[in-house]
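J.: Attaching a single structure in structure tokens format; questions to follow.
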Amino acid sequence: GDLAVAYLPDNEVVEVDLSSLRVPLTVQWFDPVRGTYTRSAEDVDGKGTHRFEPPAKGDWVLLLQHVER
């Protein structure tokens, strides 16, 4: 329940059911072509289904990770 990873090869929006993950979650995007990370402007605090849209065109990996506050 601390980590979720989704690979998006076609720059599509993905819906993730957060009910099995511990919150709050940090949201990061990994660009496998450049080897760089982009942190989302907001953390996810709620449960249920959430839509995530990649920050730009191309291949992206979505990383959702529980963080202690």
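J.: Compute, for the chain, the length of the dipole vector about the Cα centre, with Cβ point charges of +1 (Lys, Arg) and -1 (Asp, Glu) only. Units Debye, rounded to 20.
T.: Working: 7 positive and 12 negative charges, 29 e Å.
Approximately 140 debye in magnitude.
J.: Roll a 1.4 Å probe over the protein chains and send me the accessible area per residue for the chain in Å².
T.: So the chain comes to 65 Å² accessible per residue, rounded to a whole number.
J.: Right, another one. How high is the relative contact order of the chain, in percent, counting Cα pairs under 8 Å that sit 6 or more residues apart?
T.: 50 percent
J.: Rounded to the nearest percent, how much of the accessible area of the chain (1.4 Å probe, protein heavy atoms only) is carbon and sulfur?
T.: That fraction is 46 percent.
J.: From the backbone phi of segment 31-43, what are the Karplus-calculated ³J(HN,Hα) couplings (6.51 cos²θ - 1.76 cosθ + 1.60, θ = phi - 60°) in whole Hz, Gly and Pro given as x?
T.: Rounded to whole hertz, the list is 9, x, 6, 8, x, 10, 10, 10, 8, 5, 5, 10, 8.
J.: On to the next question. Looking at segment 5-58, which GluC sites (Glu not before Pro) are in a loop (DSSP not H, G, I, E or B) and have at most 11 other Cβ atoms within 10 Å?
T.: Working: sites: E12, E15, E42; in loops: E12, E42.
Sparse-neighbourhood loop GluC sites (Glu not before Pro): E12, E42.
J.: Then there's this: For the chain, report the % of Cα-Cα distances exceeding 18 Å.
T.: 31 percent
The values are calculated or read from the model by the stated rules, or taken from the named source; none is laboratory data. Keep in mind that what you see is a predicted model, and the values were worked out from it rather than measured. Please note: Cβ atoms are built from the backbone with ideal geometry, for glycine as well, and neighbour counts cover all protein chains shown. Protein only, heavy atoms only, side chains kept; ligands, DNA and RNA dropped before computing areas. Shrake-Rupley method; radii C 1.70, N 1.55, O 1.52, S 1.80 Å.
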